[in-house]
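Dropping the structure in here first, questions after.
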Amino acid sequence: MKSEVVTYIVKIHPLFLAALLGILGIDLLTLYSVNPYLAMKQGIWELVGLLVAGGILMIPYPLFVKNARFIYGLVLALLFVVVLFGHRSHGARRWIGVGWFQIQPSEFMILALILFLTAYLLRNGKDVPMTSGLFAGGALAALLPAVLIARQPDLGTAVELLIIFAVYILLKGISSKVLTISLIGGLAFFPVAWEVLWTHLHEFQKDRIRAFVDPSSDPSGMGYHTIQSIVAVGSGGWFGQGLSGATQVRYQFLPGAQTDFVFAVFTEEWGFAGALLFLTLMAYLIWFAARTALESRDQVGFYLASGVTGFFLFGFLINALMVLGVLPVVGVPMPLMSYGGSAMIVALGSLALLLNIRFYAKR
Amino acid sequence: MALDSRSLKRSLLGTPRARLRGLVLLFWVGFSVVVIRLYVVEVIKHRHYLALARENIVKSTPIPPLRGEITDRNGVVLVHNGPEFALFEIPGEVRRPQEIRWVASDLGVPVDRLLRSTRSLGFVLPSHVPIPLLAGLSMAQVGRVNMDLYRLPGFFIQIMPKRIYPENNLAAHLLGYVGSFTPGDLKSSLYRHLPPGTGVGKSGIEKEYDSLLQGTPGMRRQLVNSHGVMIKRLREKPPGEGQSLRLTIDVRLQAVAERMLGDRRGAVVALDPRNGELLALASHPAYSPGELSQAMSTARWNDLVHAPDHPLTNRATQGLYPPGSVFKIVTTMSGFQENKLDPDKSFQCGGLFHVGSVIFHDWKKGGHGTLHLHRAIEQSCDIFFYTLGMKLGPDAIARVARDFGLGEKTGIDLPAELSGVVPDRQWKKKYLHAPWFPGETPPMAIGQGYLTVTPLEMARLMGAVAMDGEISHPHLRLGKTLTSLSPVGLPVKNFALVKSDLRDVVAAPHGTGHPVNLSFFAIAGKTGTAQVVSNRGVNKDKKRPKADSWFVGFGPFDSPRIVVAVLIENGGDGGDVAGPVAREVFRMYYVTHASTLPPPSPSVAPARPGGSSL
């Protein structure tokens, strides 16, 4: 069965494999230019991620969905563990140490939520009409981890969870009555919610929002990320500065160069031409995810693949637009590119789910 | 046959799969935005951002320039520079907010003192610009902080130039002081290129000629990473030393003037009437420029600002006083001008003067008896000038007063000069909204009432009298400023008359200015004992205020070279109190210039022999 899967992928989806490996290679090269040690670590994570992906391919996807509530509960429990015993780094409490490495449960929550919502919104693999109760339950399932994660503080991942929930609601459809009530309620509570949110936001999060309104208001402070990022991208030109020519990165003017702003580093080094190549590969992956959903024969496969599509689609768009200064710096990582083991495993794992759906649906 | 709207809607967005297609469509829209934005930033604006990226990695740190020296007219150095240790903070590189507390405890100063600097400048400057926290560190402080600096990358100690002022606060108001610039100063383009911690002129000459004295900061260029760690040193631009400044002041006259003022409140102005060069400009009480140039506590600053004797005020240019009898010179000139004064006509002074029901007294009980103009000036008879003033009216007197430059700034090269008030009918209507009452004219004729002047204005006026109607433009910078005289527009013959009268004020044994008399140096002048409404300064609450004392005079009589104006607040009699101060300044002038002065004319006696016989 193992060789069967491999043969299936290589034979039927060589383009997908090429695109994925291309992005992983680009990722390693870019991180290498930032810091060779980081590239080495990321390479290990990529291998681990591919192994996890292989493992996911061994198990038919309906089994995941059947156990989705258990998986979700487990990750949620880990999030509580983070809140209580989490490891602090750079002022944020996001990690749990496991032996010599650290995992970031918030990233795994993305995959867990996709599985959970797929299971929760279907009854025995059949689409059921959306009710207020179902809506409320789904909202709670997304909001509870989102709040925990936002408090870490990790606004980006929390936003991603809410977006995944929104994608599910969009696809599932919602009666205009429920929508209207929640819209009116939301609008009525918006000032209160904003007030509460604003007072609970960390100062650097507020600064990012302020900086988004006017990035040049304080070039050394709040708008620093945005400006340095745009400067990095802009100094790339048509063909880039080359791997060693990225002064913005080499002299460490761009904080978070290996995480949220890795796309900026890549464009500075590879130029507009390189960026177009990357964008094409990324767009192909997202298109592949959407096709998987559209071509899947059962509802479970459709919703599962749609969740992965939403995760990749919005992760990519938000990160790219943030790097280019169109959106505020919310801290959403670029899937498959940003440095981070947990994120890499989750991204590769969710891509493995897509192949899984295609492979097992065919049988 | 055609699709009805509902089925169309369902086929487009009705099913989950259709909506996923919609989402993918949305993705392509977003994808296009990414590509277009990328093209704009990376291709169209490439040059712009490339230039910005270059700027990013070259760190330019300004090197403070050495401020120019200030010397007196003979080259005696008044203000120069010395080194001092200063502690700086780079706010962007401070890792923990409590670090500044560690530094404060190392220094042994309250942390608030350091926070004041970061709060004022740190909020307006970019966070990579070093901000001075404390200057003038002792060696012990430097040693203690230095031990901790290795773990405080946001702090460093640098040797900075420090301004050194003369001892005894000599010429404090005149020289002014420097201070670290404030956020407000940053608005001025003059300071924008300066590194924080550089002193900028805050008052006096230091402020007036700041742009000259400042010099141009140098620039140290380094290739750095974002932590400010130097990768490579680039060519540096050395700082340009500030221009040194030579003043018209003669430090010997200045020192005598200040010593003679002692601890009394007052001002001394010595002026060369031939070209407007100020030889001395003293004001007491003074402050310590050295102390003010350092960061000082708010309490100490408030003490200075609110001190009852106003040590920060330069009384020579900012003190407004009634001129008293010195003003009788103006009334006399006005009398000549209006043809209402005959110098030879005798006058009966009975010690009393009536305007309506108001009675004015002469300063001398019982009056001066019969006298002429000459005696009236010499003995400062008030009744004579009351009578003359009533004939002239306020407008005629005010006209001549303005010709002599009263009521307007002299234009001296010092900041914040004030001008006195020359009242007339129009002035009173405009500012007090009342008509002029006849009873207000007699006080004005003897320099009281609404009339106020600064000591500098009076020195300038006396200079114009000495130079037969050629008025000077007082200034402190030697050589570069306007030295020519302007005519006041009064006939020269009238001056000879008044001058001979002024000579007798000093020379005649019963003249009010006789205490000023020197046998070897012919001085002419006028005393003033100006009644004031209240005591100023520490004696504010005393019931009967003492009058302000004036003496304003010039010498040598035949070829005037120096005018001295002395004012002592609440000093009492002009001749006895202000007079000796002026005398010693004249004496010092004579001592230092004896070889170049023309020999005293044989007849120092009054030009009009009739005067002394009365």
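The values are calculated or read from the model by the stated rules, or taken from the named source; none is laboratory data. Keep in mind the model is a prediction, meaning the values are calculated, not measured. Here the Cβ is made from the backbone with ideal geometry for all residues, glycine too, and neighbour counts use every protein chain on show. Just the protein is used for accessible areas: all its heavy atoms, side chains included, with ligands, DNA and RNA removed. Shrake-Rupley method; radii C 1.70, N 1.55, O 1.52, S 1.80 Å.
Aspartates and glutamates near A:Lys66 by alpha-carbon distance under 13 Å, same-chain residues fewer than 8 away left out - which ones?
none
While we're here: Which percent, nearest 5, of DSSP beta bridges in chain B are antiparallel?
Counting DSSP beta bridges with both partners in chain B, the antiparallel share is about 95 percent.
So, one more: With a 1.4 Å probe, how much accessible area is buried between chains A and B, both sides summed, in Å² to the nearest hundred? Don't jump to the answer; show the numbers that get you there.
Numbers: alone 17090 and 29380 Å², together 42690 Å².
For chain A against chain B, roughly 3800 Å² becomes buried.
Just the number please: accessible area per residue for chain B, 1.4 Å probe, all protein chains included, in Å².
Details: 27410 Å² over 614 residues.
Per residue, chain B has an accessible area of 45 Å².
Give the angle, between 0 and 90 degrees and rounded to the nearest 10, that separates the Cα long axis of helix B:16-39 from the longest principal axis of the Cα atoms of chain B.
Between the helix axis and the principal axis of chain B, the angle is about 50 degrees.
Let me ask something else about it. Given a Förster distance of 45 Å, report the FRET efficiency between B:Val77 and B:Lys430 from their Cβ-Cβ distance, rounded to the nearest 0.05.
Result of the calculation: an efficiency of 0.40.
Here is a further query. Taking R0 as 30 Å, what's the FRET efficiency between B:Glu93 and A:Phe85 from their Cβ-Cβ distance, rounded to 0.05?
That gives a FRET efficiency of 0.40.
A further question on this structure: Extension gain B:Met147-B:His361, at 0.36 nm per residue separation less the Cα-Cα distance, in nm? Write out the running numbers ahead of the final one.
Working: separation 214, 0.36 × 214 = 77.04 nm, distance 7.62 nm.
Contour length minus the Cα-Cα distance gives 69.4 nm.
Considering all projection directions equally, how large on average is the shadow of the alpha-carbon convex hull of region B:261-391, in square nanometres?
Computing the convex hull of the Cα atoms and averaging its projections yields 12.7 nm².
Taking loop as defined by DSSP and a crowding limit of 10 other beta carbons within 10 Å, which chymotrypsin sites (Phe, Trp or Tyr not before Pro) in region B:336-410 fit?
Here no chymotrypsin sites (Phe, Trp or Tyr not before Pro) fit, given the DSSP loop and packing criteria.
Rounded to the nearest 0.05, what FRET efficiency is calculated for B:Lys409 and B:Ile36 with R0 set to 51 Å and r the Cβ-Cβ distance?
The formula returns an efficiency of 0.20 here.
Per the Kirkwood treatment, what hydrodynamic radius in Å, one decimal, follows for chain B from the mean inverse distance over all distinct Cα pairs?
By the Kirkwood definition, the hydrodynamic radius is 28.6 Å.
A further question on this structure: Only Cα pairs under 8 Å and at least 6 apart count here; give the relative contact order of chain B as a rounded whole percent.
13 percent
Here's another thing I want to ask about it. In chain B, what percent of the accessible surface is made up of carbon and sulfur (1.4 Å probe, ligands and nucleic acids excluded)?
56 percent
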